[in-house]
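Colleague: Starting off with a structure, shown below.
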Amino acid sequence: INLQALSFDAAKSLNAARYDRLVSKPGAAFSADAVSEASLSKPFLPSKSTNTPYMLGIGDEVALVQYIDALPTIGSIVNGVDLSQGTSSERQNTTTSASSNIISTSGRVGTDGSLLLIGVGRLDANGRQISELRDEIRTILIRNGKAPNFQLEITEFNSKKAYITTDRTGAANAVIPITDRGITLREVIATAGIGFDERVLTIVRVKRNETTYTIGLSDLLVKNSKELYLKNQDHVFVQS
């Protein structure tokens, strides 16, 4: 037995220490047990996590808008686009329309990784940034003697996804599209409708390739919590 005087400083120190309670771990047979809360909730996250540039992939859709100097007439050809022809070609995964001084073309990255944009041609897109395609299109237009007045944007993000699985009643298991804006683990938890309940220890795990990162929900939701950006094929598990 060790005796220690209960001073104000000692009381303050003891009150600041986290109480390590035992919690019931769900499962069957030997996996179901009473375990230390601290052993489950100890954070393990990547040392660095930032939003990396988005790389185009199969299924992503891109729109190209070109600005021309004069209003085209029906039957004329502008930047390789015959305006007298139909407005779409499903065989080429591309759609073209002309309005006022604007020509708009959209295309989808095909299974071979290429992207066809009318007036520009076929581009290798898989695994490249949108900024790289902008540079290539600018070079093509200048080489063809045309002003590089255009805008190129990703309109649909279909190639990269993460997943969330939860045992919380009322919360949703979901597929989460990853865009060029990036999405954090905190955003995913909020979108899934997983609220905080201090009576329950909720553990959030992110399985990425062969590594599993762990953090308690209470630690994740604090103001200065470290952000974890999700990557393609990450799987988030939420267990109470």
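The values are calculated or read from the model by the stated rules, or taken from the named source; none is laboratory data. On a predicted model such as this, the values are computed, not experimentally measured, just so you know. Ideal geometry is used to build each Cβ from the backbone, glycine not excepted, and the neighbour counts take in all protein chains shown. Keep in mind that these areas ignore ligands, DNA and RNA; they rest on the heavy atoms of the full protein, side chains included. Shrake-Rupley method; radii C 1.70, N 1.55, O 1.52, S 1.80 Å.
Colleague: Pairs only if they're at least six apart or on different chains, beta carbon under 6 angstrom, first in the stretch 164-190 and on the phi < 0 side of the Ramachandran plot and part of a loop (DSSP other than H, G, I, E, B), second surrounded by fewer than 17 Cβ atoms within 10 Å (Cβ to Cβ) and at pLDDT below 85; list them, first residue then second.
Modeller: So the pair list comes out as 171/193.
Colleague: Please state which one of 137, 176 is of a type in the set (A, V, I, L, M, F, W, C), open to solvent by less than 50 Å² (accessible area, probe 1.4 Å) and more than 16 Å from the chain's Cα centre (by Cα). Step through it out loud before you land on a result.
Modeller: Numbers: 176 fails: more than 16 Å from the chain's Cα centre (by Cα).
Only one candidate qualifies: 137.
Colleague: Given (1) open to solvent by less than 40 Å² (accessible area, probe 1.4 Å); (2) farther than 30 Å from residue 116 by Cα; (3) touching a Leu at 6+ places or on another chain (Cβ under 8 Å); (4) modelled with pLDDT under 95, identify the lone condition not met by residue 196.
Modeller: Of the numbered conditions (1) open to solvent by less than 40 Å² (accessible area, probe 1.4 Å); (2) farther than 30 Å from residue 116 by Cα; (3) touching a Leu at 6+ places or on another chain (Cβ under 8 Å); (4) modelled with pLDDT under 95, the odd one out for residue 196 is (1).
Residue-by-condition table, conditions (1) open to solvent by 80 Å² or more (accessible area, probe 1.4 Å); (2) part of a loop (DSSP other than H, G, I, E, B); (3) closer than 16 Å to residue 204 by Cα:
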site	(1), (2), (3)
2	yes, yes, no
13	no, no, no
30	yes, no, no
38	no, no, yes
47	yes, yes, no
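Colleague: Ok, one more. Is there a residue in the stretch 52-65 that is under 30 Å from residue 218 (Cβ atoms), modelled with pLDDT of 85 or more and open to solvent by less than 90 Å² (accessible area, probe 1.4 Å)? Break it down stepwise before answering.
Modeller: Initial filter on the stretch 52-65 (under 30 Å from residue 218 (Cβ atoms)): 52.
With the extra rule that they be modelled with pLDDT of 85 or more, the set shrinks to 52.
Remaining after also requiring open to solvent by less than 90 Å² (accessible area, probe 1.4 Å): 52.
Checked against the condition, which is being under 30 Å from residue 218 (Cβ atoms), modelled with pLDDT of 85 or more and open to solvent by less than 90 Å² (accessible area, probe 1.4 Å), the stretch 52-65 yields at least one hit.
Colleague: Still on this model: Quick one: would you say residue 236 is among the aliphatic types (A, V, I, L, M), within 12 Å of residue 42 (Cα to Cα) and buried (at least 17 other Cβ atoms within 10 Å of the Cβ)? First the steps, then the outcome.
Modeller: On the way: among the aliphatic types (A, V, I, L, M): yes; within 12 Å of residue 42 (Cα to Cα): no; buried (at least 17 other Cβ atoms within 10 Å of the Cβ): yes.
No; evaluated as a whole, the condition is false for this residue.
Colleague: Report whether or not residue 195 is touching a strand residue (DSSP E or B) at 6+ places or on another chain (Cβ under 9 Å) and in a loop (DSSP other than H, G, I, E, B).
Modeller: Numbers: touching a strand residue (DSSP E or B) at 6+ places or on another chain (Cβ under 9 Å): no; in a loop (DSSP other than H, G, I, E, B): yes.
So residue 195 does not fit the description; no.
Colleague: Six or more apart or on different chains, Cβ atoms under 8 Å: show the pairs whose first residue is in the stretch 200-218 and of a type in the set (A, V, I, L, M) and at pLDDT below 95 and whose second is open to solvent by 50 Å² or more (accessible area, probe 1.4 Å) and part of a loop (DSSP other than H, G, I, E, B).
Modeller: 215/43; 217/196
Colleague: Now, a different point. Just checking, does the stretch 146-166 include any residue being more than 21 Å from residue 111 (Cα to Cα), surrounded by fewer than 17 Cβ atoms within 10 Å (Cβ to Cβ) and within 13 Å of the chain's Cα centre (by Cα)?
Modeller: Checked the stretch 146-166: at least one residue is more than 21 Å from residue 111 (Cα to Cα), surrounded by fewer than 17 Cβ atoms within 10 Å (Cβ to Cβ) and within 13 Å of the chain's Cα centre (by Cα).
Colleague: Looking only at the stretch 104-114, decide whether some residue is surrounded by fewer than 14 Cβ atoms within 10 Å (Cβ to Cβ) and modelled with pLDDT under 80. Working first, answer last.
Modeller: Residues of the stretch 104-114 surrounded by fewer than 14 Cβ atoms within 10 Å (Cβ to Cβ): 111-112.
Of the ones still in play, those that are also modelled with pLDDT under 80 are none.
Looking for residues that are surrounded by fewer than 14 Cβ atoms within 10 Å (Cβ to Cβ) and modelled with pLDDT under 80, one finds none in the stretch 104-114, hence no.
Colleague: Right, another one. Applying the selection to the stretch 126-150, what residues are more than 17 Å from residue 65 (Cβ to Cβ) and assigned to a loop (DSSP other than H, G, I, E, B)?
Modeller: Hits for the stretch 126-150 are 126, 127, 128, 129, 144, 145.
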